[in-house]
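Following: one structure in C-alpha cells, then a few remarks.
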Amino acid sequence: MTLKFNGKKPSRRAFLQGAATMGAGLTLGGQARAADPAIAVKPWMQELGDGVDTSPYGMPSEYEAHVKRRNVEWLTADTVSSINFTPLHELDGIITPNGLCFERHHAGVARLDPREYRLMINGLVDTPMVFTLEDLMRFPRENHVYFLECAANSGMEWRGAQLNGCQFTHGMIHNVMYTGVPLRLILEEAGVRTAGKWLLPEGADASAMTRSVPLEKAMDDCLVAFKMNGEALRPEQGYPVRLVVPGWEGNMWVKWLRRIEVGDQPWHHREETSKYTDLLADGSARRFTWEMDAKSVITSPSPQAPITHGKGHTVITGVAWSGRGTIPRVDVTLDGGINWHQARMSGPSLEKSMHRFYYEFDWDGSPLLLQSRAHDSTGYVQPTKDMLRKIRGENSIYHNNGIQTWAINAEGIAENVEIS
Amino acid sequence: MSRFLKAALFATLAAGTAQAGPLGLGREALPEEIAVWDIDVRPDGLGLPEGSGDVATGELLFADNCAVCHGDFGEAVGRWPVLAGGEGSLTNDRPVKTVGSYWPYLSTVYDYVNRAMPFGYAQSLEADEVYAITAYLLYLNYIVDEDFELSRDTFTQVEMPNEGGFFMDDRAEVELTQFSAEPCMSGCKTEVKITARAAVIDVTPEETAAKAAEQAATQADAAAAPETEPETEVAAVDPALIEAGEKVFRKCKACHQVGEEAENGVGPHLNGVIGRAAGAVDDFRYSKPLTEMAGQGLVWTSDTMSEFLLAPRSYIKGTKMGFAGLKKENDRAAVAAYLATFD
C-alpha cells in the first residue's frame with residue numbers, strides 16, 4: 001500500500017489520515033477483505049544479507065533514522081554553546097542509548113587524548129595529587145544507574161505551553177549506567193584537610209566549566225566516571241572522564257574533568273550566579289538549588305507520538321524520576337485531573353534513576369487530557385505548574401518540574417496544552 | 001613498546017615519589033603544574049594575580065576581543081549574552097540579567113573572562129588585560145567612573161549592586177511539606193478547561209513529527225531506497241583532505257557559516273571565499289585593516305588563506321577575528337580545500 005501526500009509539505013494530519021485509511025483497509029469489516037501484501041515472499045526471505053563486520057560498530061536500523069537528538073535553533077546563539085534533546089517519545093525501558101543522550105556544551109566538544117588525560121587534586125589537601133587515566137582504573141570501581149537532568153529542562157514552559165513534543169519539553173535528560181570511582185576514594189588519596197568544606201570541579205574544555213560542590217555530597221555518592229552503559233564515555237559526554245553528581249542538576253556533572261580544588265567556601269562562579277540561579281517574582285534569586293525535584297512525563301502518546309490505531313486498547317507510557325530517591329508510584333489521568341489511576345511501574349526501581357510506567361485502557365475515541373503525577377520515596381508529589389508559579393513566579397527558568405498536559409483529539413493527535 | 005605504554009612509562013618517570021595515600025595511587029602535583037591550571041578566583045579575592053587595568057584600556061580591548069558578540073557597549077549581538085544595563089528589571093516580565101543588574105560578585109566577572117573568554121580563544125588574555133576588561137564592564141554598568149583602575153588591591157572595594165539579591169535554596173522549608181500531601185484520586189474537579197495551547201505560540205522546530213511520519217512512510221514505501229542527500233560536487237580534489245577540513249572547520253563554526261542558506265553571523269559567510277577578493281561579502285562590516293588590505297588587492301586563495309590562518313592577528317593587524325590560528329599546515333590546507341567546495 002502506498003501513502004501519497006497531496007501538496008508540497010505533508011502534514012502530520014495527512015499522515016495520520018493515511019495511516020487510518022491503511023489500518024481500515026486491513027482490518028475493518030468482513031466484506032472484500034484484501035490479503036495483506038506484507039504476507040508474501042519478500043526479498044529478505046530469499047537473498048543473503050550483510051555478513052558480520054559489515055558494520056563493526058553496529059548502528060540502528062535504517063528505518064529508525066528519525067530517532068535522533070534535535071536542537072531548538074532559536075534557543076541559543078550558536079550550536080557550540082547550546083543544547084539538544086533526547087527523543088524520549090521513541091524510547092522505552094529506563095536506559096538511554098549513548099548516542100541519544102542529550103548534549104549540552106558551553107564551548108563545543110573537547111577532544112582529549114586519553115594518554116594526556118590528568119586529574120589534579122589541589123587546595124586544602126595534605127598532598128596535592130595528579131592521577132592518570134590508568135591510575136583511576138586502579139581504584140575500586142562501582143556501577144550505578146543515574147538520571148542526569150539539566151536544570152533548564154522544561155524551562156521554556158514556565159510562561160505557558162510552548163513546544164509541541166516531549167523531546168523538547170522534557171528531553172534535557174538521560175539515564176545511563178556509569179562505571180567509575182567513588183570521588184571519596186580519590187579525595188582520600190590526597191587527604192582533605194579539616195578546613196576543606198567545598199570542592200571546585202573544573203572541566204578541560206574551552207569553557208573550563210566550574211561549579212562549587214559541598215564536600216558532604218562528594219563523600220556521599222559522587223563518582224568520577226569513565227564508562228557509560230559499559231563503553232567509554234562519548235566525547236560529547238566528557239570523554240574520557242566526567243563527574244557524576246547523582247540527583248543534582250546536570251550542570252554540576254563537569255565533563256572532561258581535569259581538576260578538583262578543595263576550599264573552605266564556595267567560589268560563586270558564573271554557572272552558579274549568572275546562570276543556574278532561580279529568579280523569583282520579587283526579584284530575589286535562589287542559589288545552590290542542586291537537587292532535582294520529582295518529575296514525570298507521558299512520552300507516548302505525545303505530540304511527536306500520536307495515537308494512530310484509532311479507538312480500542314491503548315498503551316500510555318512515560319518516565320518518572322526524583323533527585324531524592326526512587327519513584328514508588330505514578331498516577332495518570334485521562335480527563336485532566338478529575339479522576340486519577342495508579343499506573344503500573346515496570347523495570348528496575350533504583351535511587352536517582354529513571355523509572356518506567358504504563359497505563360493501559362480501552363479508548364472510546366473521545367478527546368483526552370493526559371497527565372502523569374510522580375510520587376517519590378520521600379512522599380513528595382509532583383506539583384502542578386500553577387502550584388510552582390504561585391511560589392516561584394514565571395522568571396525562574398530552572399527547575400520546572402510541573403505536571404505536563406497533552407490534549408488528545410478524536411483523531412489521536414496530541415498537543416501540548418495547559419488546563420484549569 | 002606501544003605508544004600508550006611509552007606514555008604511561010613517561011608519566012611514571014615524571015611522577016616522582018609514590019604517595020602515602022591509602023591506596024598509594026597517583027603522584028604528588030608539582031607547584032608549577034598547579035600554577036598552570038589553578039586559575040580560579042573567589043569573591044574574597046583569593047586567586048587574583050598581580051596586575052591592574054583601567055577603563056580606557058579595557059574599552060580598546062573590549063572592542064577588539066569582545067564586541068563582535070557582546071556589542072561595543074555590552075548590548076549584545078543577536079542571541080549572545082547582554083553584559084550591561086537591565087537595572088531594576090529583575091521583577092519585570094522579561095528581566096535583563098547582566099553583570100550590573102544581576103551578578104553578585106565582581107570576582108565572577110574576572111574569573112569567567114579569564115577562564116573562558118574570548119569565546120574560542122580562551123585563556124589568551126594577560127592578567128592586566130583581564131583587569132582592564134573587567135574595569136570596562138563595571139564602567140558600562142555605571143558602577144565605576146571612567147578614570148577607574150582595577151587592580152588586585154582595589155578589587156575587593158568594589159561592591160556589586162545585586163550582591164544581596166541571592167539566598168540559599170529554601171525549597172525544604174517553602175515547598176516540600178506543601179508538595180507532600182496525599183493527592184486527590186477521584187472527583188477532584190468539576191470541570192476542566194484548556195487555558196493555553198502550544199500550537200498558538202508555534203515555536204516547535206520544523207522536522208518533528210510531520211517529518212518523522214513522512215520519513216517513516218517513505219521508507220516503509222520504498223523498501224530500502226537509501227536516503228540521498230544533495231552532496232556538494234567535488235572535482236579533482238582529495239576527498240580525504242576535504243573531510244579533514246570539515247573537521248577542522250568546527251573551530252570556525254562559532255562565527256562562520258558555509259553551505260546552503262549560510263548567512264553572516266559573527267563573521268561573514270564563507271561561500272565562495274576561495275578565489276574571491278577579500279572583504280567582498282555584502283552587508284558584512286569588516287574591520288578597517290581588512291578593508292584596507294582588500295583595497296590593496298588581497299584575494300583569498302588556498303595560499304593566502306593558509307597564511308592568514310597561520311596567525312590571523314599578525315597577517316591582518318587589527319582583524320576582528322578573535323581566533324588563535326591553525327598551527328598545523330595540514331589543518332590549514334584541509335580547511336582551505338573544504339571551503340573551496342562551497343560556491
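The values are calculated or read from the model by the stated rules, or taken from the named source; none is laboratory data. Quick caveat: nothing in here was measured; it's all calculated off a predicted structure. Because the Cβ atoms are built from the backbone with ideal geometry, glycine has one as well, and the counts that use them run over all protein chains shown.
Contact annotation: residue pairs with Cβ atoms under 6 Å, 6 or more positions apart or on different chains, pairing a residue in the range A:123-141 that is in contact (Cβ under 8 Å) with a residue 60 or more places away in the chain and within 7 Å of chain B (Cβ to nearest Cβ) with a partner that is in a loop (DSSP other than H, G, I, E, B) and of a type in the set (A, V, I, L, M, F, W, C), are A:P128/B:A29; A:M129/B:A29.
Anything in the range B:56-74 that is of a type in the set (A, V, I, L, M), away from chain A (no Cβ under 14 Å) and under 24 Å from the mean Cα position of the chain (by Cα)? List them, or say none.
Residues satisfying the conditions are B:L60, B:L61, B:A63, B:A67.
Being within 10 Å of chain B (Cβ to nearest Cβ), crowded, with 16+ Cβ neighbours inside 10 Å, assigned to a loop (DSSP other than H, G, I, E, B) and polar (S, T, N, Q) is not true of A:N400. The residue that is nearest to B:V203 (Cα to Cα), counting only those in the range A:403-420 that are polar (S, T, N, Q) and surrounded by 21 or more Cβ atoms within 10 Å (Cβ to Cβ), is A:N416. Within the set A:V181, A:V224, the sole residue that is farther than 30 Å from A:R70 by Cα, in a strand (DSSP E or B), within 14 Å of another protein chain (Cβ to nearest Cβ) and in contact with a helix residue (DSSP H, G or I) (Cβ under 8 Å, 6 or more places away or on another chain) turns out to be A:V181.
Close contacts from the range A:144-164, counting a first residue that is at positive phi and a second that is crowded, with 20+ Cβ neighbours inside 10 Å and part of a loop (DSSP other than H, G, I, E, B), with Cβ to Cβ under 7 Å and a gap of 6+ residues or different chains, come to A:S154/A:N400.
None of B:G58, B:G47, B:G51 is in the same structural domain as B:T108 (by the TED database), modelled with pLDDT of 95 or more and crowded, with 22+ Cβ neighbours inside 10 Å except B:G58.
What do you reckon, is B:T134 in the same structural domain as B:L48 (by the TED database) and either free of Cβ contacts under 8 Å to residues at least 60 places away in the same chain or out of contact with any Ser or Thr (no Cβ under 7 Å at 6 or more places or on another chain) (or both)? For B:T134, the condition - in the same structural domain as B:L48 (by the TED database) and either free of Cβ contacts under 8 Å to residues at least 60 places away in the same chain or out of contact with any Ser or Thr (no Cβ under 7 Å at 6 or more places or on another chain) (or both) - is met. Could you go through the range B:105-120 and let me know if any residue there is of a type in the set (D, E) and either in the same structural domain as B:F249 (by the TED database) or farther than 27 Å from A:V213 by Cβ (or both). No, every residue in the range B:105-120 fails to be of a type in the set (D, E) and either in the same structural domain as B:F249 (by the TED database) or farther than 27 Å from A:V213 by Cβ (or both). Would you point out the residue of the range B:94-143, among those that are touching a strand residue (DSSP E or B) at 6+ places or on another chain (Cβ under 6 Å) and assigned to a helix (DSSP H, G or I), that is surrounded by the fewest Cβ atoms within 10 Å (Cβ to Cβ)? Checked the range B:94-143; the qualifying residue surrounded by the fewest Cβ atoms within 10 Å (Cβ to Cβ) is B:D128. Within the range A:381-394, restricting attention to residues that are buried (at least 21 other Cβ atoms within 10 Å of the Cβ) and part of a loop (DSSP other than H, G, I, E, B), the residue that is farthest from the other protein chains (Cβ to nearest Cβ) is A:Q382. Screening A:E261 with (1) within 11 Å of another protein chain (Cβ to nearest Cβ); (2) within 30 Å of B:A199 (Cα to Cα); (3) crowded, with 22+ Cβ neighbours inside 10 Å gives one miss only, at (2).
Counting only strands (runs of 3 or more DSSP E) that fall entirely inside the range A:228-296 and contain at least 1 residues that are of a type in the set (D, E, K, R), touching a strand residue (DSSP E or B) at 6+ places or on another chain (Cβ under 7 Å) and farther than 29 Å from B:A35 by Cβ, the qualifying elements are A:285-287.
Being assigned to a loop (DSSP other than H, G, I, E, B), farther than 30 Å from A:G325 by Cβ and not basic (K, R): is that true of A:G108 here? Yes; evaluated as a whole, the condition is true for this residue. Every condition in (1) out of contact with any helix residue (DSSP H, G or I) (no Cβ under 8 Å at 6 or more places or on another chain); (2) buried (at least 23 other Cβ atoms within 10 Å of the Cβ); (3) outside any strand (DSSP E or B) holds for A:N175 except the one numbered (3). For the range A:324-345, does any single residue satisfy the condition of being closer than 22 Å to A:L148 by Cβ, part of a strand (DSSP E or B) and more than 13 Å from chain B (Cβ to nearest Cβ)? The answer is yes, given that some residue of the range A:324-345 is closer than 22 Å to A:L148 by Cβ, part of a strand (DSSP E or B) and more than 13 Å from chain B (Cβ to nearest Cβ). Every listed requirement among (1) of a type in the set (G, A, S); (2) under 23 Å from the mean Cα position of the chain (by Cα); (3) buried (at least 24 other Cβ atoms within 10 Å of the Cβ) is met by A:A190 save one, (2). Of the residues examined, A:V130 is not one that is at pLDDT 95 or above, surrounded by fewer than 22 Cβ atoms within 10 Å (Cβ to Cβ) and of a type in the set (V, I, T). All conditions in (1) within 12 Å of chain B (Cβ to nearest Cβ); (2) buried (at least 17 other Cβ atoms within 10 Å of the Cβ) hold for A:E64, with the sole exception of (2). Selection of the range A:225-258 for residues being more than 19 Å from A:A208 (Cβ to Cβ), surrounded by fewer than 24 Cβ atoms within 10 Å (Cβ to Cβ) and either of a type in the set (G, A, S) or at pLDDT below 95 (or both) yields A:G230, A:A232, A:G247. Evaluate the range B:88-96: report whether one residue or more is more than 18 Å from the chain's Cα centre (by Cα) and under 22 Å from B:D44 (Cβ atoms). Looking through the range B:88-96, none of the residues is more than 18 Å from the chain's Cα centre (by Cα) and under 22 Å from B:D44 (Cβ atoms).
In the range B:119-130, the residues that are at negative phi form Cβ pairs under 7 Å with partners that are of a type outside the set (A, V, I, L, M, F, W, C) and not in a loop (DSSP other than H, G, I, E, B), at six or more places apart or across chains, as follows: B:A122/B:R115; B:L125/B:N114; B:D128/B:S52; B:D128/B:G53; B:E129/B:G53; B:V130/B:Y110; B:V130/B:N114.
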